[in-house]
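To keep things clear, I will list the structure first and then write my remarks on it.
The values are calculated or read from the model by the stated rules, or taken from the named source; none is laboratory data. Note that the coordinates shown come from a computational prediction; the quantities given were computed from them, not determined experimentally. Neighbour counts are summed over all protein chains in view; Cβ atoms, including those assigned to glycine, are modelled from backbone coordinates with ideal geometry. Note: accessible area is taken over every heavy atom of the protein model, side chains too, but ligands, DNA and RNA are not part of it. Shrake-Rupley method; radii C 1.70, N 1.55, O 1.52, S 1.80 Å.
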Amino acid sequence: MADRSPAPDTPELRDRWGAFEFTESYRAKADKAIARYPEGRQRSAVMPLLDLAQRQVGEETDTQGWLPLPVIEYVADYLDMPVIRVLEVATFYLMYNMKPVGKYHVQVCGTTPCMLRGSDGLIEACKKRGMSKGHVSDDGLWTLTEVECMGNCATAPMVQINDDNYEDLTPERLDAILDALAAGEQPKTGTQEPGRHTSEPANALSSLPEMVDANHDYRSEW
């Protein structure tokens with residue numbers, strides 16, 4: 001699992017991120033998120049604000065983004081929250097990166113369904129490209145993390161790369177996706193199984209086959 005401890009609070013970190021604040025566009029998004037909650041409950045917006053802060057850091061660093069301590073403190077101040085409460089949220093959820101990551105954050109599911117379907121081979125394919133768990137690759141492109149179930153068991157094995165899921169993978173299919181990303185292209189997301197659209201059976205449907213082409217009403221047949 002990923003290391004959830006924050007990056008060391010160094011003078012260099014403070015020098016780079018100590019003056020962080022939302023840009024005009026991100027501030028508008030943050031205020032919109034806060035406005036969703038009733039008066040007195042503005043702190044409930046901590047998760048979307050952390051996400052926005054991480055995305056802004058990502059834009060500034062040309063990476064997937066992460067949360068330096070000064071940025072966490074900024075979010076705490078924005079919501080009038082104790083810093084420790086914001087840090088507790090940030091370190092609990094894997095969607096927040098607590099240390100620098102590469103341009104592409106490759107999260108490989110290693111839970112049982114994906115493992116049985118070959119996730120070990122996906123991790124090896126990543127390692128052959130110079131990735132190692134929890135580190136940024138030498139070219140700055142990749143960070144590899146092994147994670148627990150991300151809910152695509154029917155299309156295992158899968159990886160999440162930044163905001164996108166890629167499913168029904170083999171090492172060869174993952175290599176093609178990584179090649180495309182490295183070349184600045186956007187590969188097809190979702191299932192990589194030819195002829196498969198979502199999470200329907202890979203072969204012929206065995207139940208509710210009339211649902212393929214229309215929203216068939218089965219109630220009269222029950």
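Annotation: amide H-H contacts under 5 Å for G190 (H modelled 1.01 Å from N, sequence separation of 5 or more, or interchain): N165, Y166, E167. Relative contact order of the range 137-197, taken over Cα pairs closer than 8 Å and 6 or more residues apart, is 27 percent. Taking the chain as the region of interest, the number of lysine pairs whose Cα atoms are within less than 26 Å, with members eight or more places apart or on different chains, is 12. Shape of the chain from its Cα gyration tensor (a ≥ b ≥ c, root eigenvalues): rounded if a/c is under 1.5, otherwise prolate when a/b > b/c, or oblate? The shape class here is oblate. Just the protein heavy atoms count here, and of the accessible area of the range 67-132 at 1.4 Å, carbon and sulfur take up 57 percent. Note on surface exposure: T145, T63 rank T63, T145 by accessible area, highest first, 1.4 Å probe. Qualifying chymotrypsin sites (Phe, Trp or Tyr not before Pro) in the range 55-125, where qualification requires a DSSP coil assignment and no more than 16 other C-beta atoms within 10 Å, comprise Y93.
Taking all protein chains together and rolling a 1.4 Å probe, R55 ends up with roughly 90 Å² accessible.
Unpaired cysteine residues in the chain (no second Cys Cβ under 4.7 Å): C126, C149, C153. Counting Lys and Arg as +1 and Asp and Glu as -1 over every other residue whose Cβ lies under 14 Å from the Cβ of E193, the net charge comes to 0.
Please list, in order along the range 182-194, the HN-Hα scalar couplings obtained from phi with the Karplus expression 6.51 cos²θ - 1.76 cosθ + 1.60 (θ = phi - 60°), rounded to whole Hz, x for Gly and Pro. So the Karplus estimates, Gly and Pro as x, are 4, 8, x, 9, 10, x, 4, 8, x, 5, 9, 7, x Hz.
Dividing the summed -39500 (n - 2.57) terms of all DSSP H runs of n ≥ 4 by the residue count of the chain sets its mean residue ellipticity at 222 nm at -10500 deg cm²/dmol.
Rolling a 1.4 Å probe over the protein chains gives R85 an accessible area of about 120 Å². Amide hydrogen proximity for W142: with H placed 1.01 Å from N in the peptide plane, the residues at 5 or more positions away or on another chain lying under 5 Å are K103, Y104, S137.
Computed 3J(HN,Hα) for the range 166-178, one whole-Hz value per residue from the Karplus formula 6.51 cos²θ - 1.76 cosθ + 1.60 where θ = phi - 60°, is 10, 10, 6, 8, 10, x, 5, 5, 5, 4, 5, 5, 5, glycine and proline marked x.
Please give the per residue accessible area of the range 61-147, computed with a probe of 1.4 Å over protein heavy atoms only, in Å². Mind dumping the intermediate values first?
Details: 3930 Å² over 87 residues.
Each residue of the range 61-147 exposes 45 Å² on average to a 1.4 Å probe.
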